[in-house]
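To start, the structure under review is shown below, and the notes come after it.
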Amino acid sequence: MWINLLLILAGSVAGTYLATELAKRYETLRFQKVLECTLRIETFMEKRLDARGEGLHAKINNVVYRLDREEILLLRRIATMRNRLLQENAAKIHPAEFDDLCKRVRKLFRTKYGRTF
């Protein structure tokens, strides 16, 4: 009986450890995906639009006259989501929503500028 209880307890501890490690790995991948997408957008804006500034919001402000309203709204949403994720401890973003925003910006830029990031 005691052995069974110890096995159950050990399994519970191991399961908790595994769940914690998987959550950490998921968080790392989520941060990495957000950073990659926003870095690509910023680089594209610097090279193709000659955008200047620190951060995505500043770059948007610098070239706002060259962007459509829809592009501005999507880029602002991406920048805000990225800032919240990186600056607020308990901030949560929906990965599917973020991916959708990045795809929409990429599609808009591809149709307007012929290339994408």
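Computed from the coordinates by the stated procedures, all read-outs in this text should not be read as laboratory data. Note that the coordinates shown come from a computational prediction; the quantities given were computed from them, not determined experimentally. Every residue, glycine as well, gets a Cβ built from its backbone with ideal geometry; the counts of neighbours run over all protein chains shown.
So, R0 is 22 Å and r is the distance between the beta-carbons of residue 43 and residue 96; what FRET efficiency does that work out to, to 0.05?
Given R0 = 22 Å and the Cβ-Cβ separation, E is 0.35.
Which whole-percent values make up P(r) of segment 27-113 when all C-alpha to C-alpha distances are grouped in 5 Å steps starting at zero?
2, 14, 28, 27, 16, 9, 3, 0
Whole-Hz Karplus ³J(HN,Hα) for segment 63-72, in order, using 6.51 cos²θ - 1.76 cosθ + 1.60 and θ = phi - 60°, x for Gly and Pro?
Karplus values, whole Hz, x for Gly and Pro: 10, 4, 5, 9, 10, 6, 4, 4, 4, 4.
How much length would be gained if the chain were fully extended between residue 76 and residue 64, taking 0.36 nm per residue of separation minus their Cα-Cα distance, in nm to one decimal?
Working it through step by step, the gained length comes to 3.2 nm.
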